[in-house]
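The values are calculated or read from the model by the stated rules, or taken from the named source; none is laboratory data. For clarity, every value in this text was computed on a predicted model and none was experimentally measured. So basically every Cβ, Gly included, is an ideal-geometry build from the backbone, and we count neighbours across all protein chains shown.
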Amino acid sequence: MTTRTRPIQCCLILLLSSLLASAQIPSSYKEVDDAVKSFTQNARTVEDLKVLQVEFRKKFDTPDKLVRAAFVWIATNISYDYTYSVSTLPKVLARHQSICTGYSELMKDFCDEFGIECELVYGYGMGSKILVNDDTLLRPNHVWNAVKINNEWKLMDVTWASTYMGEGNMAGGDRWFYVPPDEMIKDHFPLKEEWQLLATPMSKPQFSTTFTKVSLTVTFTPNPFTLRVLGDTARFYFSGEGKANRISFTYTKWGINYRPNSKPVTLFDTLKLDKDGGYYYDYKLTSVGTFTFAVSTFNDDGNGTQFRGSDTEKYIYKVVTEKRFRSKKPIDLYSR
């Protein structure tokens, strides 16, 4: 089975925080966080943003605090744009919504204003059970940041933090601030090897086979959409912890602005056992378009008794013809 991906123009958020230990954030940041919350500047324009940045420079006296303040302000004020249409700075500020590109570029804008080195890191945000094991086909679907503090590069993902901090869960969002490189690589694979920040970099096949086969008992928001070719088979992997033997599989086809243009179709089928004791389900992609797959597992003992195996997870696929995939024209979620 081969999963094909290529450059895309937007990404969705995915979170695997329940799999990974939360980062330990120094208590000194609480003062910064509380101060950021007290700012009344709404920053709906680029000019407003510059005023806010000046105020931050007056309030926070170290690069570390300035970066934290910017991170928290973005994560608590900018929500994710599920229409996938907002990424330019003026629109991000006007609507207080964005996709990952806009989040990361806004973070860089803050850092540039503060005189702090900051880079956009393009790569693959990974969390699904879909293997991406062809070394030539892994392409970017996510953007995050690297900032240089005290001559040391640190990694962060303000997009993923926003789903927590935007709802007041500061501890949850802290997971994505100054993420240790050996933790970041578990779900963020940068295109440029240098941004792994690892003494021994990981290859694409290693990343795919090491970190994509995970438990289905986690809770996270929708995965970045995966670009696939008509006729491909999507394989979903699940751990064997729940002893599930059946799958509930609902798919919906979507039209422009992420609105359904067909009724959801639900299938119930039998899971297959793999050699490692986990389970998988294969689904052949027989139609072009944009689809969501809502997947959950359960156990059926054959006597009318059923036990829930997992929470529902959602995946988004863009399915195109082989000719369209090979063309040089950019493909986004709604392109034809």
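Tally up the residues in the stretch 298-319 that are modelled with pLDDT of 75 or more and either in contact with a helix residue (DSSP H, G or I) (Cβ under 7 Å, 6 or more places away or on another chain) or more than 23 Å from K263 (Cβ to Cβ) (or both), please.
2
Suppose we filter the stretch 41-92 for residues that are modelled with pLDDT of 95 or more, under 18 Å from G166 (Cα atoms) and basic (K, R); how many remain?
So the count comes out to 1.
Just one of the numbered conditions (1) assigned to a loop (DSSP other than H, G, I, E, B); (2) under 19 Å from V67 (Cα atoms); (3) modelled with pLDDT under 90 is not true of F177; which one?
(3)
If a residue has to be loosely packed, with under 15 Cβ neighbours inside 10 Å and in a helix (DSSP H, G or I) to count, how many in the stretch 28-46 make the cut?
7
Could you list, in sequence order, the residues of the stretch 134-165 that are surrounded by fewer than 17 Cβ atoms within 10 Å (Cβ to Cβ) and either among the hydroxyl-bearing types (S, T, Y) or at pLDDT below 80 (or both)?
Scanning the stretch 134-165 gives D134, D135, T136, L137, R139.
Pairs needed: first member in the stretch 54-75, assigned by TED's automatic domain parsing to the domain that holds E117; second member anywhere, surrounded by fewer than 19 Cβ atoms within 10 Å (Cβ to Cβ) and not in a helix (DSSP H, G or I); C-beta distance under 6 Å; at least 6 residues apart or different chains.
Matching pairs, first to second residue: P63/I116; P63/I149; D64/I149.
When the residues of the stretch 191-207 are filtered to those that are outside any helix (DSSP H, G or I) and within 19 Å of the chain's Cα centre (by Cα), which remaining residue is surrounded by the most Cβ atoms within 10 Å (Cβ to Cβ)?
L191
For the stretch 47-91, give me the residue count where each residue is at negative phi and in a loop (DSSP other than H, G, I, E, B).
11
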